[in-house]
Amino acid sequence: MRRQKARYSEIIPRTKQWPIVQLAKDRKQFIEEVTTESFNNLKHITRGRSLREELEMTVYREKLRIKANPWRVDPKDEKSFWKSVQDRLSDSSALPPEEAKAVEEGLLTEIIRRYAEEISGNFKKNSYRFARGFITFGFARLLNATRVKGFASLFSRQLDLDDKINIVGEPEHIRELAKRGTVVMVPTHFSNLDSILIGWVIQFLGLPAFIYGAGLNLFNLKIFAYFMNSLGAYKVDRRKKNPVYLETLKTYSSQALRRGCHSLFFPGGTRSRSGQIEKALKLGLMSTAIEAQRIMYQEETPEKPARKIFLVPVVINYHFTLEAPALINEHLKRTGQERYYKEADEFTTSYKIATFLLKFFTKGSNISVSIGRGMDILGNYVDNEGNSVDAANQPIDPKDYFISQGKITVDLQREQEYVRILAKRVVEEYHKYNRVFASHLVAYTAFKMLERKNPKLDLYNLLRLPDEDLILDYEEFKKAWKKLRKRILKLERKGKVGAAQHLKEKADEAIVHGLANVGMYHAQRPLIKKGDKIIIQDMNTLYYYHNRMEGYGLEKHI
C-alpha cells in the first residue's frame, strides 16, 4: 500500500505575480539600481586605498584571471575591455585632479555595470514551466525504468518523484512564511545534484520560483545555461575576488530581497569536501539578508510596513554521494599536504554523471530533504504568522536590533556581528534537522572501531592500514552499532537530531540496509559484509561517510 502523499497547491497561482517575474520584467532598471547602489557603497568603504588604487588592483587581478584561468563562457571582449580600462586610467593620471576623479568614477561605474549584467539572471516564466516539467518527468521516468521494462517505462505511473524524495520537517511552515514575507532558503551542500533537487522541492511545495546563485562555469554548456536561467539562477564567478565584484554581487542579492524575491544560496559556499555538515559558513551573501532587512525598516511607512525576511535552513540527506571519492581526496590533500597522496579523480565526464543519475533513480536509495523552522535575520524562531520569539517563546521585534538613540542607524560593525550570530544559529539548525540514515551510522561505527583498535595512528596513517587490518567481527560491530543507535534515538527524543524510519528496524535489518546503500554507486564500496566479518574496502570513502555523524559527541559511546 502506497503512503498517502501531500499535494501542495501554488501559493501564488498566477505566475506573472511572482516577484522573480517582476524582477525579470524590470531587468534593465534593476541593473541600473544595482550599479548605482554598488557605486555609492564602494565610495564609502575605505580599505586604505584610493579609488585609483582600487581600480588598478581590479584591472591587475582581472588580467591575471584571464591569463591564468580563462573559461569558454567568458565574454569575447574580456581582454579588450580590461586593456581599455587600463589605458584610460593611465591617461587620466595627467589630468587635473577633478577631471581625473571624474574619469575614475566613470570607469568604476562602467565596471560595476558590466559585472551586474553578467551576474543578472534572465528568468522567463514560460521556460521555467517547461524546465520544471521536463525535470519532473525525466526523473520520475527514471524511477520506473527497472520496474516496467521497455518503452512502457517512459509512461508508467508506478512511482512518482515524491516516492523517492521524502520531504520532512516544516513544509507547511515555509509555505506560510512565503505568503507573509521573503524566504531565504539556506541548504547544506554535498552534491551537484543539490540545485536540481531543491528546485524540484520548491515547485513541489507550491512556492514561487526562487533566485539562486550558480557558478558561472556551469553556463559553459548551453543546455545547462538554458535550464539554470529558466529556474531562476544568477551567475556567480568564484574566480573574481576583487572588492568591486564582491560588492556588486552582494548588492544584487540585497536588492532582489528588497523586491520580495525568495532566494536560495548554499552558505557553505561550495560542496562539503569532507562529507561533514558545514561548520564554517561564508558570510557574504548571508549578510545581504541582514542589510536588506535593515534598509526595508529604514524605508517603511505607516501605509507600507517593512516586509520581513525569513531564513529557512534545509538539510539534504543522501545514502551516497556521486562525487565522494573526488571530494574526500581533495579534502585530504588540503589538510594533509605532504602526508597524503591524491589518487586519480574518476568522476569527470558527462557520461558518468548521466550514468549516476540513471543508477541513482533506479535503485532503492531514497533522499531526505528536511525543512527547518523559519528564523528572522538574528536567528530567532518565527511562528506561522512570521512573528519573532525569543528563547523563552516571548514576542520580540527584530527592528529593535537596528535602533540606536531612538532611530534606525547604519552600523556595519554591528551587522557583521549579527551575521556571525546568524551563521552560528544556521549551523545549529543543520545538526538539529539532520536525519540520520543507517548508511551514515554503519560508516561511522566501522571507522570509529578502527580508530579504537589503532590509537597511536594519526588519520593519514590510519587511512593507509593494510588490507589484513581492515576486517571487523560482525557481532562486535553490531554491538557497537546498537549502542550508537541508542544514543542517536535518545538525541532524537530531545529534538537534537532526526532519524530515518529504517534506522529503527531490527538491528540486523537496519545494518543490512545501511551496508546495501552506503557508497552504492562507487566502483569499490566502503564496506561490505562477508560471512561473519565486516570488510572495509575503501578507507577514504568510509572516512567521508563517517564524517556525516561528527558533531554529536558519539565518539564517547564506542
Fill in the blank from the handout: Pairs returned, first residue in segment 504-521 that is of a type in the set (S, T, Y), second residue that is outside any loop (DSSP other than H, G, I, E, B), beta-carbon separation under 9 angstrom, 6 or more apart or interchain, are Y521/A324; Y521/T355; Y521/F356; Y521/K359; Y521/F360
Problem - Filter result (in a helix (DSSP H, G or I) and among the aliphatic types (A, V, I, L, M)) within segment 212-232 - result: L216, L218, I223, A225, M228
Problem - Boolean, E385 is over 21 Å from V314 (Cβ atoms), touching a residue at least 24 places away in the same chain (Cβ under 8 Å), in the same structural domain as R175 (by TED's automatic domain parsing) and assigned to a loop (DSSP other than H, G, I, E, B) - result: yes
Exercise for the section: Keeping to segment 250-263, report how many residues are within 12 Å of G213 (Cβ to Cβ) and either surrounded by fewer than 24 Cβ atoms within 10 Å (Cβ to Cβ) or among the charged types (D, E, K, R) (or both). Expected result: 1
Problem - Cross-chain or 6+ apart pairs with Cβ under 7 Å, segment 456-480 first and surrounded by 15 or more Cβ atoms within 10 Å (Cβ to Cβ), then among the aromatic types (F, W, Y) - result: Y460/Y340; L463/Y543
Completion exercise
In the set K533, K556, the lone residue that is farther than 22 Å from L322 by Cα, touching a residue at least 60 places away in the same chain (Cβ under 8 Å) and surrounded by fewer than 19 Cβ atoms within 10 Å (Cβ to Cβ) is K533
Practice task
Determine whether segment 260-267 contains at least one residue that is of a type outside the set (A, V, I, L, M, F, W, C), under 25 Å from T409 (Cα atoms) and touching a Ser or Thr at 6+ places or on another chain (Cβ under 6 Å).
Solution key: yes
Problem - Members of segment 282-306 found to be modelled with pLDDT of 95 or more and of a type in the set (K, R), listed by number - result: R294
Practice task
With respect to A209, determine if the residue is of a type in the set (A, V, I, L, M, F, W, C) and assigned to a helix (DSSP H, G or I).
Solution key: no
Exercise for the section: Consider only pairs whose beta carbons are under 9 Å apart and that are at least six residues apart or on different chains; among these, list those whose first residue lies in segment 391-417 and is assigned by TED's automatic domain parsing to the domain that holds D376 and whose second residue is among the hydrophobic types (A, V, I, L, M, F, W, C) and in a strand (DSSP E or B). Expected result: P395/V389; I396/V389; K399/I408; F402/I408; T409/I403
Practice task
Would you be able to say whether some residue in segment 28-45 is within 21 Å of F219 (Cβ to Cβ) and surrounded by fewer than 15 Cβ atoms within 10 Å (Cβ to Cβ)?
Solution key: yes
Completion exercise
When (1) under 17 Å from P19 (Cα atoms); (2) modelled with pLDDT of 95 or more are applied to P171, the one that fails is (1)
Handout entry: Cross-chain or 6+ apart pairs with Cβ under 6 Å, segment 319-348 first and assigned to a loop (DSSP other than H, G, I, E, B), then modelled with pLDDT under 65 and of a type outside the set (S, T, Y)
Key = L322/F356; E323/F347
Exercise for the section: Starting from segment 48-59, take each residue that is without any contact (Cβ under 8 Å) to a residue 40 or more places away in the chain and closer than 12 Å to V85 by Cβ and list its partners that are surrounded by fewer than 19 Cβ atoms within 10 Å (Cβ to Cβ) and polar (S, T, N, Q), counting only C-beta distances under 6 angstrom and pairs at least six apart or across chains. Expected result: V59/Q86
Problem - Checklist (1) in contact (Cβ under 8 Å) with a residue 40 or more places away in the chain; (2) under 26 Å from Y226 (Cβ atoms) applied to K76, failing item - result: (1)
Exercise for the section: Would you check if K235 is without any contact (Cβ under 8 Å) to a residue 24 or more places away in the chain and either surrounded by fewer than 20 Cβ atoms within 10 Å (Cβ to Cβ) or part of a strand (DSSP E or B) (or both)? Expected result: no
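The values are calculated or read from the model by the stated rules, or taken from the named source; none is laboratory data. Computed from a prediction, not measured in an experiment: that's the story for all the values here. Glycine gets a Cβ as well: all are built from the backbone with ideal geometry, and neighbour counts include every protein chain shown.
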